[in-house]
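The values are calculated or read from the model by the stated rules, or taken from the named source; none is laboratory data. Quantities reported herein were computed from a predicted structural model and do not represent experimental measurements. Cβ atoms come from the backbone with ideal geometry, glycine included; neighbour counts cover every protein chain shown. Side chains are part of the model used for accessible areas, which takes the heavy atoms of the whole protein and leaves out ligands, DNA and RNA. Shrake-Rupley method; radii C 1.70, N 1.55, O 1.52, S 1.80 Å.
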Amino acid sequence: MHIAVLAGGVGGAKFLAGVKRHLGWDPYGAAPADTDDEIVAIVNTADDIRLHGLQICPDLDSCLYTLSGQADTERGWGRAGETWTASGELAGYGAEAPWFSLGDKDIATHLVRTRMLDAGYPLSSVTAALVARWQPGVTLLPMTDDRVETHVVVADPAATAGDPAPLIALHFQEWWVRHGAGLTPQSISPIGAAESTPAPGVLEAIAAADLILIAPSNPVVSIGTIVAVPGIKQALRSATAPVVAVAPLIGGAPVRGHADVCLAAIGVESTAEAVGRHYGARSDQGLLDGYLIATGETADVPGVRVSAVPLLMSDPDATAAMVQACREVAGV
Ligand code: FO1
């Protein structure tokens, strides 16, 4: 079975571990050598940030590390057994963004990636090289090789005078990490998306899929940015495979992260139903054929088959059950 998955970072990686488990694979290891099944992850890159001269790709790295068993599952990002010596020294020098901690092992990934990017390799080739070492079992594709960065416009927290406060645009990571998404977004924009093109293999993976899954990632700054890359939404809408999304909210709230704050910024209510309607029915200019919501909830999403199942990705087996439910709602 060929499964294509649209994924963000921490939640996307957990979901992909469940897709592997659903196929009977080791969730945290290489794919079996003799399988005809394939999982292709189309991963958000709009969280990417260049710091200290290094290109950092948080969502790709969460998938890379998690699916190869290298992640610190407690922290949710970065490597297990990490040390922070270089990061401490950078802070000691007063270097930029001390609020964004880079582990020593993680820095090696960014050094290798940046070296290859600066040599002219596209991000998709660089990612393939990192995958060759770590063997996450799934094919990891950046949504695009072009530069797309999510920026968040907020009232300037440093402004003292002026009513209303002047507005500034923050890189997503500064808003998300330094300010804990605590500054109300006036707007959230994937800068560069309109000029970007899908990375090699993305449209092909969507066209070849037997099942297309939208992970319970942030519908605005992860899934929203992926489908903002021209061509991807159209490919999903014309795919032969059914498209099924997993609600990123349980009881109207994200399990992790700040999807509710992001949804408010685009005027979407923080309910599973509102997110389902935001994604829309494929039969009506939208993306979905099926949609999973949490047990006990209801959602009326016209044109979309809805199924209520347990949605907590507590371990790969629980997530694998969600994947099975996606197939049942899709009838594949
Ligand atoms: N998240 C934090 O909350 N604090 C950090 O210092 C931090 C550093 C970091 C470094 C590399 C990396 O790949 C991810 C990192 N993250 C950190 C997580 C990151 O902000 C999120 O994984 C995504 O960008 C949001 O989905």
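Once the other residues with Cβ under 14 Å from the Cβ of Thr85 are scored (Lys, Arg +1; Asp, Glu -1), what is the net sum?
Result for the local shell: -2.
To the nearest 20 Debye, how big is the dipole of the range 2-142 about its Cα centre, given +1 on the beta carbon of each Lys and Arg and -1 on that of each Asp and Glu? Mind dumping the intermediate values first?
On the way: 10 positive and 17 negative charges, 10 e Å.
With Lys and Arg at +1 and Asp and Glu at -1, about 40 debye.
With +1 on each Lys and Arg Cβ and -1 on each Asp and Glu Cβ, how big is the dipole of the chain about its Cα centre, in debye rounded to the nearest 20?
Values: 19 positive and 36 negative charges, 29 e Å.
That gives the chain a dipole magnitude of about 140 debye.
Can you list the HN-Hα couplings for the range 36-49, worked out from phi with the Karplus curve (6.51, -1.76, 1.60; θ = phi - 60°), rounded to whole Hz and with x for Gly and Pro?
Per-residue couplings from phi come out as 8, 6, 8, 10, 10, 9, 9, 10, 4, 10, 7, 7, 4, 8 Hz.
Any idea what Rg and Dmax come out to for the chain if you just take the C-alpha atoms, in Å?
Over the chain's Cα set, Rg and Dmax evaluate to 19.2, 66 Å.
Just need the Rg to Rh number for the range 63-163, please, alpha carbons only, Kirkwood Rh. Write down the numbers at each step before the final one.
On the way: Rg = 17.0 Å, Rh = 16.1 Å.
Rg/Rh for the range 63-163 comes to 1.05.
Just the number, please: carbon plus sulfur as a percent of the accessible area of the chain, 1.4 Å probe, no ligands or DNA/RNA counted. Write down the numbers at each step before the final one.
Numbers: 7160 of 13650 Å².
So the carbon and sulfur contribution to the accessible surface is 52 percent.
Only bridges with both residues in the range 2-142 count here: give the DSSP antiparallel percent, nearest 5.
Numbers: 4 of 14 bridges.
So the antiparallel bridges amount to about 30 percent of the total.
Along the Cα-to-Cβ line of Trp84, 7 Å from the Cα, sits a label point; which residues in the range 98-112 have backbone N less than 19 Å from it?
Flagged as within label range: 98-110.
If each of Ala264 and Asp300 carries a label point 7 Å out from its Cα toward its Cβ, how far apart are those two points in nm?
For Ala264 paired with Asp300, the spin-label model returns 2.7 nm.
So for the pair His2, Arg115, with labels modelled 7 Å out along Cα→Cβ, what separation do we get in nm?
The answer from the label model is 3.5 nm.
Can you give me the long-range amide H partners of Ile191? Hydrogens built in the peptide plane at 1.01 Å from N, cutoff under 5 Å, separation of 5 or more residues or another chain.
Glu149, Thr150, His151
Once amide H atoms are built 1.01 Å from N in the peptide plane, which residues 5 or more positions from His2, or in another chain, come under 5 Å H to H?
Close amide H contacts, sequence-distant or interchain: Glu38, Asp210, Leu211.
Extent of the range 2-142 along each principal axis, from alpha carbon coordinates, in Å, largest to smallest?
51, 35, 23
Would you calculate the separation in nanometres between label points at Thr197 and Glu96, each defined as 7 Å from the Cα along the Cα-to-beta-carbon direction?
Reported label-point gap for Thr197 and Glu96 is 2.9 nm.
Starting at the first residue of the range 320-332, write each ³J(HN,Hα) from the Karplus equation 6.51 cos²θ - 1.76 cosθ + 1.60 with θ = phi - 60°, in whole Hz, x for Gly and Pro.
Computed from phi, the couplings for the range 320-332 are 4, 5, 5, 5, 4, 5, 4, 5, 5, 6, 8, x, 10 Hz.
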